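Novice: Here it is: the structure, laid out below.
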Amino acid sequence: VAGIDINHADIAGYLPVELGLLTDIALFHINSNRFCGIIPKSFARLTLLHELDVSNNRFVGSFPDVVLQIPNLKYLDLRFNDFEGKLPPELFNKELDALFLNNNRFTSTIPDTLGNSPVSVLVVANNHLEGCIPHSIGNMVNTLNEVIFSNNKFAGCLPQEIGYLANVTVFDISSNKFSGILSKTLKGLEKVEELDIAHNMLTGFVPASLCKLPNLENFTFSYNYFNGENQECVPSSRKDAVFDDTSNCLPDRPKQKSHKECHAIVSKPVDCSKAKCGGGPSKPSVEKPKTPKPQPPKQQSPPQPTPQPPKQSPEPVPMPPTPKPQPPKEEPPKEEPPKEQPPKEEPPKEQPPKEQPPKEEPPKEQ
């Protein structure tokens, strides 16, 4: 058997371990079925496997590390399952051409090893990934064509290295929490056709150098906090490209945010030269626990927790001893006197009269 292709077959159940015996297969496609469980560890024996597509099923558990042991794997598609947990750094050291991880429940950051990956297509959309885009993404300049980070929890400023990706045609970071201004290096995306940065917290000015990219067909920067845009970026300014600037803070443009909503963000610009990648959201989360820790020990926390446990500890301790000594001390003496009625039975033990017959034996001897 050189390959298995049973896409859209409506098959349910678990993958049998015996699939690892098919060491000659080069492709394994089972997308759009109802398979569940995990990927068997026996898949590590499939040394000739090039394509693994288990998308649109019901697989669960952490990232299937067994795929990291398949030496010749080039195409990996895990999308539309229920995988969860962290992405292993080793994943981006594999010689993959395409990697689809979207529509799962992964919760980690993108490892710094991202830049080691030679993939041409990378899709991690619709997960629970957080942190920032690693600066190492600039190392993917020679291979990366499409990258989609949309609908996660990414934050921080966009790294300048994104502008090095001269071969990228699709770049989508929409529906995250990216902040700061657009880097001037983004004009290096010379081949980009689809550029989507909508639904973030980006501020500043949308430059003409970005809107005049030669291959640009669709540029969506709506639902941010931009307070300025070049005339080249105004919708309908280009017949060969579609722009969307809805719900920003742009003066004299329709369908924008209110002044109050804009002021809350625009009045506090993010300095990307000083801000650490993803450090903005993580710092307040660390400071919040620090503030309550000193306050309660000074006033409430030490007095309250210390008296409460001792009050509970003595209560259960006296309760068991009090019932234990009272019933045994009183009941046994009361029960013992009735049980001590064997002294009345002592008369049978005092049967010396029965022993008297042997004393009468002397008359028998007479």
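Novice: Just to check your reading of the model, which residue among 103, 93, 116, 81 is without any contact (Cβ under 8 Å) to a residue 60 or more places away in the chain, open to solvent by less than 20 Å² (accessible area, probe 1.4 Å), over 19 Å from residue 169 (Cα atoms) and polar (S, T, N, Q)?
Specialist: Values: 103 fails: open to solvent by less than 20 Å² (accessible area, probe 1.4 Å); 93 fails: open to solvent by less than 20 Å² (accessible area, probe 1.4 Å); 116 fails: open to solvent by less than 20 Å² (accessible area, probe 1.4 Å).
Going through 103, 93, 116, 81 in turn, just one is without any contact (Cβ under 8 Å) to a residue 60 or more places away in the chain, open to solvent by less than 20 Å² (accessible area, probe 1.4 Å), over 19 Å from residue 169 (Cα atoms) and polar (S, T, N, Q): 81.
Novice: Still on this structure, I have one more. If you check 58, 79, which single one turns out to be at pLDDT 95 or above and in contact with a Cys (Cβ under 9 Å, 6 or more places away or on another chain)?
Specialist: 58 is the lone residue from the list that is at pLDDT 95 or above and in contact with a Cys (Cβ under 9 Å, 6 or more places away or on another chain).
Novice: Could I ask something else about it? What are the pairs, 6+ residues apart or on separate chains, where a residue within region 11-23 that is on the phi > 0 side of the Ramachandran plot has its Cβ under 8 Å from a residue that is in a loop (DSSP other than H, G, I, E, B) and open to solvent by 60 Å² or more (accessible area, probe 1.4 Å)?
Specialist: none
Novice: Residue 178: over 27 Å from residue 274 (Cα atoms), open to solvent by less than 20 Å² (accessible area, probe 1.4 Å) and either among the hydrophobic types (A, V, I, L, M, F, W, C) or touching a helix residue (DSSP H, G or I) at 6+ places or on another chain (Cβ under 7 Å) (or both), yes or no?
Specialist: Working: over 27 Å from residue 274 (Cα atoms): no; open to solvent by less than 20 Å² (accessible area, probe 1.4 Å): yes; either among the hydrophobic types (A, V, I, L, M, F, W, C) or touching a helix residue (DSSP H, G or I) at 6+ places or on another chain (Cβ under 7 Å) (or both): yes.
Here the answer is no, as residue 178 does not meet what is asked.
Novice: Going through 184, 177, 153 one at a time, which residue ends up being at pLDDT below 95 and of a type outside the set (S, T, N, Q)? Full working, then the answer.
Specialist: Numbers: 177 fails: at pLDDT below 95; 153 fails: at pLDDT below 95.
That would be 184, the only listed residue that is at pLDDT below 95 and of a type outside the set (S, T, N, Q).
Novice: Suppose we filter 19, 52 for residues that are over 16 Å from residue 75 (Cα atoms), touching a Phe, Trp or Tyr at 6+ places or on another chain (Cβ under 8 Å) and not in a loop (DSSP other than H, G, I, E, B); which single one remains? Let's see the steps before the verdict.
Specialist: Working: 52 fails: over 16 Å from residue 75 (Cα atoms).
The unique qualifying residue is 19.
Novice: Could you please find all residues in region 181-200 being open to solvent by less than 20 Å² (accessible area, probe 1.4 Å) and polar (S, T, N, Q)?
Specialist: Passing the criteria: only 200.
Novice: Is there a residue being surrounded by 15 or more Cβ atoms within 10 Å (Cβ to Cβ) and at pLDDT below 90 anywhere in region 223-246?
Specialist: Yes, region 223-246 has at least one match.
Novice: Filtering region 169-183 down to residues that are assigned to a strand (DSSP E or B) and free of Cβ contacts under 8 Å to residues at least 40 places away in the same chain, which residue is nearest to the chain's Cα centre (by Cα)?
Specialist: Taking region 169-183 and keeping what is assigned to a strand (DSSP E or B), we get 170-172, 177-180.
Among the residues that remain, those that are also free of Cβ contacts under 8 Å to residues at least 40 places away in the same chain are: 170-171, 178.
On the way: 170: 26, 171: 23, 178: 19 Å.
For region 169-183, the residue satisfying everything is 178.
Results for (1) over 22 Å from residue 245 (Cβ atoms); (2) open to solvent by less than 20 Å² (accessible area, probe 1.4 Å); (3) without any contact (Cβ under 8 Å) to a residue 40 or more places away in the chain, shown as yes or no for each residue.
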position: 147; (1), (2), (3): yes, yes, yes
position: 152; (1), (2), (3): yes, yes, yes
position: 165; (1), (2), (3): yes, yes, yes
position: 203; (1), (2), (3): no, yes, no
position: 212; (1), (2), (3): no, no, yes
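Rundown of residues vs (1) part of a strand (DSSP E or B); (2) in contact with a Leu (Cβ under 8 Å, 6 or more places away or on another chain), yes/no style:
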{"residue": "185", "(1), (2)": "no, no"}
{"residue": "191", "(1), (2)": "no, no"}
{"residue": "202", "(1), (2)": "yes, yes"}
{"residue": "210", "(1), (2)": "no, yes"}
{"residue": "215", "(1), (2)": "no, no"}
{"residue": "219", "(1), (2)": "yes, yes"}
{"residue": "222", "(1), (2)": "no, no"}
{"residue": "226", "(1), (2)": "yes, yes"}
{"residue": "232", "(1), (2)": "no, no"}
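Novice: Pick from 142, 127: which is at pLDDT 95 or above, out of contact with any Pro (no Cβ under 9 Å at 6 or more places or on another chain) and either part of a loop (DSSP other than H, G, I, E, B) or open to solvent by 20 Å² or more (accessible area, probe 1.4 Å) (or both)?
Specialist: Values: 142 fails: out of contact with any Pro (no Cβ under 9 Å at 6 or more places or on another chain).
Of 142, 127, the one residue that is at pLDDT 95 or above, out of contact with any Pro (no Cβ under 9 Å at 6 or more places or on another chain) and either part of a loop (DSSP other than H, G, I, E, B) or open to solvent by 20 Å² or more (accessible area, probe 1.4 Å) (or both) is 127.
Novice: Would you check if residue 136 is among the polar types (S, T, N, Q), more than 28 Å from residue 236 (Cβ to Cβ), touching a helix residue (DSSP H, G or I) at 6+ places or on another chain (Cβ under 6 Å) and open to solvent by 10 Å² or more (accessible area, probe 1.4 Å)?
Specialist: Values: among the polar types (S, T, N, Q): yes; more than 28 Å from residue 236 (Cβ to Cβ): yes; touching a helix residue (DSSP H, G or I) at 6+ places or on another chain (Cβ under 6 Å): yes; open to solvent by 10 Å² or more (accessible area, probe 1.4 Å): yes.
Yes.
The values are calculated or read from the model by the stated rules, or taken from the named source; none is laboratory data. The structure displayed is predicted, hence computed values, not measured ones. Here Cβ is always computed from backbone atoms with ideal geometry, including for glycine, and neighbour counts include all displayed protein chains. Surface accessibility is based on the protein's heavy atoms, side chains included, excluding ligands, DNA and RNA. Shrake-Rupley method; radii C 1.70, N 1.55, O 1.52, S 1.80 Å.
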